[in-house]
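Everything below concerns the one structure shown next.
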Amino acid sequence: MFQFISGTFLFVIVIVVFFLMSAIKILNEYERGVIFRLGRALPQAKGPGLILLIPMIDKLTKVNLQLVTYDVPSQDIITRDNVTMKVNAVVYFRVIDPLKAIIEVRDYWNATQLLAQTTLRSVCGQVELDELLSAREKVNAQLAEILDKHTDPWGIKVTLVELRAIDLPIEMQRAMAKQAEAERERRGKVINAEGEFQAAAKMAEAAHVLAQEPMSLTLRYLQTLREIAAEKNSTTLFPIPIDLITPFIKMANRWEKLEALEEDKK
């Protein structure tokens, strides 16, 4: 009799321990529990902390609410201007409604991944190469908006999408390098032409000033000689005043006039 009572007591203890192990669950701060009672989900997710379940009746499904970083693999893209490339991106999302994430979609993690890949190919295929390279923020915002719109019924919030790398073919890289080189050469020629134009304008102003004071030209000659002498070179320049050769110029003009008159008389 004593052995029977001891065995029964031990059996009850085992049942109680099993019940407690099955009924008591502890969820972390970043976890929520969706409880199905006889196949029906309770109105609200439970947690965090201690949760009591009814063994054999309740079924607990844990949902992680932490921000998830998904690295989208490189996708083959054909842009609107028919350029083939590879593009990869990073998607940041999190579960904001555990009930929808469990009930509305079978595997929210896999579904979000596939949707991100498809959306990346679709959006990048609708823009041109120049826009994809220069307006990444616009493309990122468009990707995030589309993903968030489609994942909202699943209880998932897409917070950010960033294009990581754009791999262009070698031929396209060479063409872009040639374009950049030609653009820089054009800018260099324009800057050089503007410099020549400004220098010519300044020289014209200097000539106008020198024409008003003839002696200033001689002073300019002397200043140039001083600069040359300061550099210690063997070249020496001797300026000849214009006044010394003015009489010879006048005599040459007179001879030309006399020759012209003699030809007219003949």
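The values are calculated or read from the model by the stated rules, or taken from the named source; none is laboratory data. Worth saying up front: this structure is predicted, and the values here are computed from it rather than measured. A quick note on method: Cβ atoms are made from the backbone with ideal geometry, for glycine too, and the neighbour counts reach across all protein chains shown.
Collect the residues in the range 73-82 that are assigned to a loop (DSSP other than H, G, I, E, B) and more than 19 Å from the chain's Cα centre (by Cα), keeping them in residue-number order.
Start the filter on the range 73-82 by keeping residues that are assigned to a loop (DSSP other than H, G, I, E, B), which leaves 79-82.
Arg80, Asp81, Asn82, listed by residue number.
So which of Glu104, Glu31 ends up being on the phi < 0 side of the Ramachandran plot and not assigned by TED's automatic domain parsing to the domain that holds His150?
Working: Glu104 fails: not assigned by TED's automatic domain parsing to the domain that holds His150.
That would be Glu31, the only listed residue that is on the phi < 0 side of the Ramachandran plot and not assigned by TED's automatic domain parsing to the domain that holds His150.
Going through the range 78-124 one residue at a time, which ones are closer than 29 Å to Val34 by Cα and of a type in the set (Val, Ile, Thr)? Talk me through it step by step, then tell me what you get.
Here is the first cut: in the range 78-124, the residues closer than 29 Å to Val34 by Cα are 90-117.
Result: Val90, Val91, Val95, Ile96, Ile102, Ile103, Val105, Thr112.
Rundown of residues vs (1) surrounded by 15 or more Cβ atoms within 10 Å (Cβ to Cβ); (2) within 18 Å of Ile77 (Cα to Cα); (3) among the acidic types (Asp, Glu), yes/no style:
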| residue | (1), (2), (3) |
| --- | --- |
| Gln113 | yes, yes, no |
| Val127 | yes, yes, no |
| Lys149 | no, no, no |
| Arg164 | no, yes, no |
| Asp167 | no, yes, yes |
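Looking only at residues in the range 38-50 that are in a strand (DSSP E or B) and within 18 Å of Ala101 (Cβ to Cβ), which one is nearest to the chain's Cα centre (by Cα)?
Initial filter on the range 38-50 (in a strand (DSSP E or B)): 40-41, 46, 49-50.
Filter once more, so that each one left must be within 18 Å of Ala101 (Cβ to Cβ): 40-41, 46.
On the way: Arg40: 48, Ala41: 45, Lys46: 42 Å.
Checking each candidate, the answer is Lys46.
Based on this model, can you work out whether Ile35 counts as in a strand (DSSP E or B), surrounded by fewer than 14 Cβ atoms within 10 Å (Cβ to Cβ) and not small (Gly, Ala, Ser)?
Details: in a strand (DSSP E or B): yes; surrounded by fewer than 14 Cβ atoms within 10 Å (Cβ to Cβ): no; not small (Gly, Ala, Ser): yes.
For Ile35, the condition - in a strand (DSSP E or B), surrounded by fewer than 14 Cβ atoms within 10 Å (Cβ to Cβ) and not small (Gly, Ala, Ser) - is not met.
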### Query
So is Ser74 touching a residue at least 60 places away in the same chain (Cβ under 8 Å) and either in the same structural domain as Val139 (by TED's automatic domain parsing) or at negative phi (or both) or not?
yes
### Task
Given the conditions (1) not in a helix (DSSP H, G or I); (2) not assigned by TED's automatic domain parsing to the domain that holds Val83, report the number of the one that Arg164 does not fulfil.
(2)
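Only residues that are β-branched (Val, Ile, Thr), in a helix (DSSP H, G or I) and either outside the structural domain of Lys86 (by TED's automatic domain parsing) or farther than 24 Å from Met85 by Cβ (or both): list them for the range 139-161, please. Steps first, please.
In the first step, residues of the range 139-161 are kept if they are β-branched (Val, Ile, Thr); the result is 139, 146, 151, 156, 158-159, 161.
From what's left, in a helix (DSSP H, G or I): 139, 146, 151.
Hit for the range 139-161 is Thr151, nothing else.
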## Note on the structure
The condition of being of a type in the set (Gly, Ala, Ser), modelled with pLDDT under 70, surrounded by 10 or more Cβ atoms within 10 Å (Cβ to Cβ) and in a helix (DSSP H, G or I) holds, among Ala199, Ala229, Ala206, only for Ala229
### Query
Which residue, of Thr118, Thr112, is at pLDDT 90 or above, part of a helix (DSSP H, G or I) and closer than 30 Å to Gln44 by Cβ?
Thr112
### Task
Determine whether the range 95-108 contains at least one residue that is surrounded by fewer than 19 Cβ atoms within 10 Å (Cβ to Cβ) and of a type in the set (Phe, Trp, Tyr).
no
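Can you find even one residue in the range 168-191 that is outside any helix (DSSP H, G or I) and modelled with pLDDT of 75 or more? Working first, answer last.
Quick first cut of the range 168-191, residues outside any helix (DSSP H, G or I) only: 168-169.
Among the residues that remain, those that are also modelled with pLDDT of 75 or more are: 168-169.
For the range 168-191, residues outside any helix (DSSP H, G or I) and modelled with pLDDT of 75 or more: present.
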